[in-house]
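Take a look at the structure set out below.
The values are calculated or read from the model by the stated rules, or taken from the named source; none is laboratory data. Values in this document were obtained by computation on a predicted structure and should not be read as measured data. Because the Cβ atoms are built from the backbone with ideal geometry, glycine has one as well, and the counts that use them run over all protein chains shown. Side chains included, ligands, DNA and RNA excluded: accessible areas come from the protein's heavy atoms. Shrake-Rupley method; radii C 1.70, N 1.55, O 1.52, S 1.80 Å.
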Amino acid sequence: MKAKEIRQTFKDFFEKHGHKKVSSSSLVPHNDPTLLFCNAGMNQFKDYFTGKAKPEYLRAVTSQKCVRAGGKHNDLENVGFTARHHTFFEMLGNFSFGDYFKKDAIDFAWKLLTVAYKIPKDKLYVTVHKSDQEAADIWHNDQGVPRDRIFYRDDKDNFWEMGETGPCGPCSEIFFDHGPKFSDGKTHATLLDDEMRYVEIWNLVFMQFEKYKEGNTVKMRSLPKPSVDTGAGLERIAAALQSKYWNYDSDLFEPIIKKIEKITKKEYNDSKYQAAMRVIADHIRSSTMLITDGVMPSNEGRGYVLRRIIRRAVRFLNELGVKQNAFHLLVDSVFEVLGHEFPENANNKDLAKKLLEQEEQKFRETLEMGLKHLNEALEKSPKMLKGEEAFKLYDTYGFPIDLTEVILREKNIELDTKGFQDALEKQKERSKKSSKFQIQDDNIKFFYGLKEKFGATDFKGYETLTADAKLLSKSKIEDTYILIFDKTPFYAESGGQVGDIGEIKNKSGTVLCSIQDTQKPVDSLHVHYSSNAESLKENETYTLQVNVEYRSNVAKNHSCTHLLHAALKKVVGQHVNQAGSLVTNDRLRFDFTHSEALSTAQIDKIEDMVNHEIAHSHAVNAKNMKKDEAIKLGAQALFGEKYGETVRVVTMGQFSTELCGGTHVQNISDIGIFKIISESSLSSGVRRLEAATHLNAFEYLRHRSQLLAEVEKLTSSKEEAAVSRIREMQSDIKEKNKSLQQLNSSLQASKSKDLFGSAKPLPNGQELTITKITPDMAGDLRTLSDNYIDKHPKGILFLYSVDDSKITFLARTHKNNTNINFNLLLKDLLPLIEGRGGGRPDMSQGSGAKSSGIDDFISKFEAKLSGHA
């Protein structure tokens, strides 16, 4: 049975038994600061199990995309070397929210496995918690599982809990027997401890208890409505049903493996290459799915985990002899398998290709030099890699520590883990970055408490800007009052749109306080912030009035982001996706996925397209509908966003249809005009546009017009003639500067004859010249180095000047000297002079603020070039 059929059979089976088919949530968890990635099917239902939210259905079935790489659940180091570890996997699951319990859950699982999937019963074994005789009896009496195939286990293996407190309960696991030829051959306390042969394929969690605190003691009580959470790994079931031992040999990986064979010109069946190919196959799945769910490679958090996965795969491609960018070529093969189930990810595959190619290129620039450094370090210390050397690979050459560990494991060499951690901690101390995570986490807990007590806020702001509401809670943090009402017309900041401001009045219309901001720290709870709400009292009713002009201007900018998004896709390409936005009353900022700067022609075309739509005066329509229905109608879902079963669809003529919970104009002609103010790079693969609409756009254009008038006055020319005049003046200045530079070069050449002095020979046949110049010559470093290189083709020059505490320097060698890369060589020396700098491998220029460190800097610089450091 093919994996696609296995997945569909699972969902069809549970739909027939009254389960609601629920789409997979994003790999990026929403409103859950405790999770790095979605790592289980129950994540999106967490609030249902804890009672913080009421489910729309009592039974659900999903095929949830999951990633385990980083944090508590980290399978990265095992991936590719074991049969069943993956960074990305699909978790099939059925759930009961206070509906059915053990009897039905066990019956469903057994019938699906033995009847629908036709797995022979003698291939299956089950475990139960040592205290759960009820489950054991159901397995034996109802399903006929022999007692000797039912194993009792303790809390470590068969008791699930969400945390220190909250829902918890015993588990019952189902194991598949791959057969005696896969046994590890060892003697075990129980049969199922032979994990090579017996593989868990389904876990049934029976949430029947709740842990709670009484003082400092954690106690446990029965839940009034027990629930069920199950998880079955698609990859494991596919391997079992397709008679494969390695998950990688199932059809879920087949198109990817074939593509890897084609790229590497090597065969998967050759045992020398299997582990590397399995790593690459796994990592392209997780990399592609993470990027297409909105995670961008970076140096922190989720983005760094993604970067580690990509670099690990690139290293294995390199080991297979692939020296050119190739990882991105595997994206299409991922969606051969996953595209049908996860179309929202497949729609963003062009973005994945672009970012993966960029990431690979960036890492390949340092990969070979990093491997060279590693080999040199191991020559000095062949039994253990020193921690500081591992840190240098991490910090200078971009090697994630787990990648270094893989390379060392292949060579049977140990890593000084403590030394690495010490070096990492020292770097963190130097960076002096303070984390606000704990404060944010504490605030979220506080607001969760308010939501649990008062429930969701009834938002009226789509229909009205004024509403009478009861004040449910008033608290104060420092100088700010926190106000919670039973209902509100105030829009709370979300989706990039800022929160409303306004006033609160009494029944007679007297203004009692102002609202400076409205936030939504947890889902559905609107929090109003005020600096002067002293007179307000809980349980009293007040009139809430949104600032009409402020809301109107915000709405203009928000509606324009929809038009801009649509125009970008039409002009730049369908790979463009929103990567962030900020919509305020005076401007809009739009971040989007694209790898290069927009041309002037593209910007003009986008502006024209948006203004053309504004001129056509289309009505803006907002309608609630089922998410699946909205997607079928072509509504654009923002990747990485979480949507419920019912969504709000905002349509602007035939030009734009998006899922959006924000506020908008009634007709796009209300926007007036649209003007892009700037376009810039935000990060690798992400660009940023800033723009203005309506009167703010008019003010911007008027200001530009005034500047043009000033230029016309200064050049005594009009419009295009003024531009021509400036170009003539620039050309004249350029020619005069050229003459001055030639004169200056002649003078410097004359000076440099006596400037450089004697050179110091190096072991590799090159020569090093270190010269200190006076501060007045610091501006001529480049010219002086040109003169040196012309006369010393094998020379290496270090020029520097000291002016009080400031240092200016330049290091240079001939372009053909490929043995030196000054950018890498100087990187860990710059802290000695509190410096910064950069350039090309053959020439690096910079400055420092600590002149007392220059002697140590030069000494270590010489040592590196001489091969002694």
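Among the residues of the range 439-461, the one identified as at pLDDT below 85, surrounded by 14 or more Cβ atoms within 10 Å (Cβ to Cβ) and among the β-branched types (Val, Ile, Thr) is ILE444. Of all residues being β-branched (Val, Ile, Thr) and under 39 Å from the mean Cα position of the chain (by Cα) in the range 500-542, which is most open to solvent (accessible area, probe 1.4 Å)? Just the residue, please. Per the stated criteria, the residue is ILE501.
How many residues are in a helix (DSSP H, G or I) and aromatic (Phe, Trp, Tyr) when one looks only at the range 95-114?
Within the range 95-114, the first condition is being in a helix (DSSP H, G or I), and the residues that meet it are 102-114.
Then drop every residue that is not aromatic (Phe, Trp, Tyr), which leaves 108, 110.
Of the residues in the range 95-114, 2 are in a helix (DSSP H, G or I) and aromatic (Phe, Trp, Tyr).
Would you check if LYS436 is open to solvent by 100 Å² or more (accessible area, probe 1.4 Å) and either modelled with pLDDT of 85 or more or at positive phi (or both)?
Numbers: open to solvent by 100 Å² or more (accessible area, probe 1.4 Å): yes; either modelled with pLDDT of 85 or more or at positive phi (or both): no.
In short, no.
Residue pairs whose Cβ atoms lie under 6 Å apart, separated by 6 or more positions or on different chains, with the first residue in the range 803-816 and farther than 17 Å from SER851 by Cβ and the second assigned to a loop (DSSP other than H, G, I, E, B), are THR813/ILE820; THR813/ASP842; HIS814/PRO793; LYS815/ASP842. Scanning the range 556-589 for residues that are assigned to a strand (DSSP E or B) and crowded, with 23+ Cβ neighbours inside 10 Å returns GLN578, VAL583, LEU588.
Restricted to the range 115-229, the set of strands (runs of 3 or more DSSP E) holding at least 2 residues that are in contact (Cβ under 8 Å) with a residue 40 or more places away in the chain and within 26 Å of PHE13 (Cα to Cα) comprises 124-129, 166-177, 198-214.
Residues checked against (1) surrounded by fewer than 17 Cβ atoms within 10 Å (Cβ to Cβ); (2) part of a loop (DSSP other than H, G, I, E, B):
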| position | (1), (2) |
| --- | --- |
| PHE809 | no, no |
| THR818 | yes, yes |
| LEU824 | no, no |
| PRO831 | yes, no |
| GLY839 | yes, no |
| GLN845 | no, no |
| ILE858 | no, no |
| PHE861 | no, no |
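Among the residues making up the range 338-348, a single one is open to solvent by 70 Å² or more (accessible area, probe 1.4 Å) and modelled with pLDDT of 90 or more: HIS340.
Free of Cβ contacts under 8 Å to residues at least 40 places away in the same chain and hydrophobic (A, V, I, L, M, F, W, C): does that describe ALA232? Give the steps one after another, and end with the answer.
Details: free of Cβ contacts under 8 Å to residues at least 40 places away in the same chain: no; hydrophobic (A, V, I, L, M, F, W, C): yes.
No; evaluated as a whole, the condition is false for this residue.
Being of a type outside the set (Gly, Ala, Ser), under 17 Å from GLU645 (Cα atoms) and within 27 Å of the chain's Cα centre (by Cα) is a description that does not apply to TYR57.
Examine the range 349-368 for a residue that is free of Cβ contacts under 8 Å to residues at least 24 places away in the same chain, within 22 Å of LEU424 (Cα to Cα) and among the polar types (S, T, N, Q), and state whether such a residue exists. Scanning the range 349-368 turns up no residue that is free of Cβ contacts under 8 Å to residues at least 24 places away in the same chain, within 22 Å of LEU424 (Cα to Cα) and among the polar types (S, T, N, Q). Residues that are open to solvent by less than 10 Å² (accessible area, probe 1.4 Å), closer than 30 Å to ALA635 by Cβ and not in a loop (DSSP other than H, G, I, E, B) do occur in the range 295-308, at least one of them. Of the numbered criteria (1) touching a residue at least 12 places away in the same chain (Cβ under 8 Å); (2) out of contact with any Pro (no Cβ under 6 Å at 6 or more places or on another chain); (3) open to solvent by 30 Å² or more (accessible area, probe 1.4 Å), the one SER96 fails is (3).
Here are some residues: ASP282, ASP251. Which one is buried (at least 24 other Cβ atoms within 10 Å of the Cβ) and either at pLDDT 95 or above or on the phi > 0 side of the Ramachandran plot (or both)?
Working: ASP251 fails: buried (at least 24 other Cβ atoms within 10 Å of the Cβ).
The unique qualifying residue is ASP282.
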